[in-house]
Each structure stands twice: as C-alpha cells, then as structure tokens.
Amino acid sequence: MNRWVNIKLIDRYILSQFLFILALILIIFLSIYLIFDFFEKIDNFFKANVPFGTIISYFLLNLPSVLNQIFPAVCLLSTLIALTLLRKNNEFVAFKACGISPYRIIAPLIVFGITISFSLFLFNETILPKTLGKAQAIWRCKVEKKGSPGGYMQEKVWLKSKNMIYQIEAIDFKKNIMWGINIYYFDKNFRIKKRINAYKACWGSGKWTLYQVTEQILRENGILEVNQFTSKIIPLPEKPSDFQFIKKDYECLNYFRLRHYIDSLKAKGYDATAFEVEMWKKTAIPFSPFLMIILAIPFGLKETKIMHTIGLGLLISLIFWVMQALTLALGKGGDLHPLLAAWLPNILFFVWGMMMLRYVED
C-alpha cells in the first residue's frame, strides 16, 4: 500500500514539473509568435482604420490555430527539459534506487501524451474551425475590405463577380483547376441572359480554359440558344489568386464535414486528392504531441547539458516541420497517397522514438 502511494506521489511530482515547464514554454512560444505577427500586420490594421478592440479579437481568435501548430514542439521541448532536470538533480537515480523501473517513471508523460492528443483532436473538430473562421472573416472584411464574396452553400462554392455569379464544386489551388463550374451572366435588371456549364476549368498563360462546355444564351426574342464545346477559352475577370479566400474556408471545415465534402466530389467524378490530404492531416496533427513525447524520452534521459537539450529539441522540431511540409506537398501533387502524405512524418518519428526507448537504461 505504501509503495503504491509513493508511486502515485512520484507520478504527481513528475507530471507537475512537466506541466510547469510546458506552460512556461507555451507562453514563450505564443508571445514570440504574437509579437512577430503583430508587427507584421499592424500596419494593415491601421491603414484600414480597424478599431483596437477588433484587432485584439483577431489575434485572440488566431491563438487556437497557433496553439495547434506549435504544440508538438512545445511537448517535445517540455519532455526533454523535464527529464534532463530530473537526471541532473539525481532524482532519476533516487527513483531507480527505490526499485522503480525507468519505464514506470515515464508512464505519466506517456499517459499525458495520449490524453492531450485525443483532446487536441476534439479541440480541432469543435473550437478551432469556429475561431479560425471568425479570424479570417475579420481580416477579409475589416482589413482587405472585400466583404463576403462567397462561401459554402449546399456543398458548393458561390462567388459574386461583376454581372455574374460563379457556382463551383471545388478548386485545386496547387494545380489551379476548378471543378464543376456554373457561371450565370445577368443583365442590368438582374435577369439571367447566359449560363455556362463546364466539367473543369484550367488556368494557364493568363486565361481560363473550360472543358466539356455547355453554353446557354437567352436571346432577346426569348429563344434559348445552346452550344457545346470540347474546350473553350472564356475571358473571366478573376484570376486564381481571387479565389484564395475559398482555400481558407476549406481549412475551417472539420474532419467530418470535409470527409462528407470529399465523398460528394468523388461521387460526381471530380479529383479530390488535395482535399483528402487536408482531411488526413486533420487526424495526423493532433497526435504529433504524443509521438514527440515518445521521441523526447530517451534523449531526455541521456547525460546532456540543458542548452544542448534545448538545441536538440529545436532541431528535431525543425526536421519534423520540414518533413511534414514536404510529404503534404507530395500528397497534393499526387506523388504520395493522401493518408501516407499526412501520416508518414508521424510514423517515422514514432518508430524512431520506439527504437530509442529500447535503449533506456534499466
């Protein structure tokens, strides 16, 4: 009974030390990010005469997104520093002298990693889409003064342009391709005078080329003229950059809504590869903190100086971010399966961590 109580006290002690360091590092990372982001964007806010309260709201609403990005690195550094201090203060040796296995000592960190990863997934599914959407709306409407040109409506994207309205099933921003396009042209009395339907539209050489085109023109005498083309260049005023706001809207969808959207695209025969990568990314990122803790444990238990430990943590985090960006790009380009593109960095770092754990001293 006493041994069980002592182990529980050790668990609480290790976890409290870890959480204190985690909170400290999290505050430092968030502060650095906010300072740089503030000075980068403050001129845009002032030029747009945005109220100070709205500016504060924008940065606060962005915090969940920032937290989601930096939390794996925060968990990695926190584990490294906590275990390095534990060994430096000879507490690790004392625990072993009491007959406690190293694997039992690190158990609370592993449990925390599993808990925080599942919590982060729920956080990304519920809170993050709402805060990210509100932050992007502030930037688009208050700073860029673009109003709200479009969005999701019954699984389609709508965009109002000059004397026309676009209805688009999906957009691949990497390849600059639009799928399932309907373009409605209106006269000055807002009556439809022409409709163009196309399977896809590709951007190249400064113009849009539409494929499998059906053109319907309502003549003044009331006759409907229908023309069909295998391909046709249509002079549209919008460039791919004008649709970038839609890309941010995709990011605001949670896993289940994005999956439903992808199923809808596939049922209609459209290429949903880029969206599948984003969908699997939403499952991979929340579990990065857990695998970072696994990887940090064997390094943290080695005899190293605290500054070397911090440097190692930053280096590992950088390697992970670079690898993640690379595999996601390969996935969206069709060179990697979407699931593998999102999960490959996690898998490799998890295997690396598990192999290192085998060499933890008994």
**Study point:** DSSP H segments from the chain that extend 27 Å or more along their own axis, Cα-based, with Kyte-Doolittle mean of 0.0 or above
**Key:** 2-47, 52-88, 107-138, 306-332, 338-357
Revision key, fill the gap. With label points set 7 Å from each Cα along the Cα-to-Cβ direction at ASN49 and TYR13, the distance between them in nm comes to 6.3 nm
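Starting from 0.36 nm per residue, how many nanometres of slack lie between LYS41 and ILE165 once their C-alpha separation is accounted for? Each step should come with its number before you reach the end.
Numbers: separation 124, 0.36 × 124 = 44.64 nm, distance 3.15 nm.
Full extension of this stretch gives 41.5 nm more.
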Practice item. Per DSSP H run of at least 4 residues, take -39500 (n - 2.57); add these up for the chain, divide by its residues and hand me the 222 nm value, nearest 500 deg cm²/dmol. Key: -21000 deg cm²/dmol
Practice item. Would you mind ranking SER101, SER317 by Cβ crowding within 10 Å, fewest neighbours first? Key: SER101, SER317
Check your understanding: Out of these labelled values of P(r) over Cα pairs in 20 Å bins from 0, in percent, [x] 24, 45, 23, 7, 1; [y] 28, 58, 14, 0; [z] 30, 59, 11, 0, which was calculated from the coordinates shown here?
Key -> [x]
Review point. Which residues in segment 101-144 place their backbone N less than 17 Å from a point set 7 Å from the Cα of PHE20 along the Cα-to-Cβ direction?
Key: 109
Review point. Say R0 is 51 Å: what FRET efficiency, to the nearest 0.05, do PHE123 and GLU220 get from their beta-carbon distance?
Key: 0.35
Review point. Considering amide H positions built from the backbone, and no H for Pro or chain starts, which residues 5 or more places from LEU236, or on another chain, come under 5 Å of its amide H?
Key: TRP208
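Over the chain, what is the mean sequence separation of C-alpha contacts under 8 Å (at least six apart), divided by residue count, expressed as relative contact order in percent?
On the way: 486 pairs, mean separation 69.2, N = 362.
Over the chain, the number comes to 19 percent.
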Point to revise | Cβ-based exposure ranking for ASP172, ASP37, in which fewest neighbours within 10 Å come first | key: ASP37, ASP172
Review point. How far is it, in nm, from the label point at LYS266 to the one at HIS308 when both lie 7 Å from their Cα along the line to the Cβ?
Key: 4.9 nm
Review point. Past the 20 Å Cα-Cα mark, which pairs from LYS194/LYS232; LYS160/LYS188; LYS8/LYS96; LYS142/LYS281; LYS160/LYS232; LYS145/LYS193?
Key: LYS142/LYS281; LYS160/LYS232; LYS145/LYS193
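Find, among the trypsin sites (Lys or Arg not before Pro) in segment 230-312, those assigned to loop by DSSP (not H, G, I, E, B) with at most 10 other beta-carbon atoms within 10 angstrom. All intermediate terms of the calculation are to be shown ahead of the outcome.
Working: sites: LYS232, LYS247, LYS248, ARG257, ARG259, LYS266, LYS268, LYS281, LYS282, LYS302, LYS305; in loops: LYS268, LYS302, LYS305.
Those that pass, being in a loop and sparsely packed, are LYS305.
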Review point. Put a dot 7 Å past each Cα toward the Cβ at ALA97 and SER31; how far apart are the dots in nm?
Key: 3.7 nm
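Order of VAL157, VAL322 from fewest to most other C-beta atoms within 10 Å? Kindly include the intermediate steps, with their values, before the conclusion.
Values: VAL157 22, VAL322 11.
Least to most surrounded, the residues fall as VAL322, VAL157.
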Check your understanding: Which lysines does LYS175 reach when only Cα atoms under 16 Å apart count, and residues fewer than 8 places away in its own chain are ignored?
Key -> LYS200, LYS207, LYS239, LYS247, LYS332
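Here, each number is a calculation from the coordinates, and none is a lab measurement. What you see is a predicted model; the values in this text were computed from it and never measured. Here the Cβ is made from the backbone with ideal geometry for all residues, glycine too, and neighbour counts use every protein chain on show.
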